[in-house]
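Inspection log for the structure reproduced underneath, given as structure tokens.
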Amino acid sequence: MTEKNYNQQQRTSKAMQKQETAEQKVEIAENKKEEKKVETAVEEKKTKKQIQVKKDEASVNGISLPISTKDSVAICKFVNHKTIERALVDLDLVSKFKKAIPMKGEVPHRKGKGMMAGRYMTKPVGYFIKMLKNLRQMRM
């Protein structure tokens, strides 16, 4: 028997069955894609949690401090790339006139290894010590 011999109802039912099976296949494929997306999202979240590292850097802003820009730039260069504890120790030595802050420009020579000119800035160093202590408290 060929398709010509089927009545109209049988033809439509066969066509509907074919269409339904095709739709089911598409739905199954879509479900699999969604499951893969969910799995990859879960894996990404797991890897993000494992990759998260504590920050190695911190910043502090001092607003309206009575410090010259030249002094603050020199102190920032002096403190840059140091841990908070190490920076506090070095700044304490500066306030005790044991270590000078290297500077550029028309500044007299100071004793110190690898330094041409420098200054002992006690007042600006005090403000920086306060800011670094506040930063240390905030990080803990």
Every residue in region 63-122 that is touching a Ser or Thr at 6+ places or on another chain (Cβ under 8 Å) and part of a helix (DSSP H, G or I), please. Val94, Ser95, Thr122
Quick one: would you say Met131 is at pLDDT 80 or above, over 30 Å from the mean Cα position of the chain (by Cα) and among the aliphatic types (A, V, I, L, M)? no
Could you look through region 78-116, keep only residues that are within 16 Å of Phe128 (Cβ to Cβ) and touching a strand residue (DSSP E or B) at 6+ places or on another chain (Cβ under 8 Å), and pick out the one that is surrounded by the fewest Cβ atoms within 10 Å (Cβ to Cβ)? Pro102
Would you check if Ile129 is in contact with a Ser or Thr (Cβ under 8 Å, 6 or more places away or on another chain) and in contact (Cβ under 8 Å) with a residue 12 or more places away in the chain? yes
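The values are calculated or read from the model by the stated rules, or taken from the named source; none is laboratory data. Just so you know, these numbers come straight off a predicted model, no measurement behind them. For neighbour counting, all protein chains shown are included, and Cβ atoms are generated from backbone atoms with ideal geometry for every residue, glycine included.
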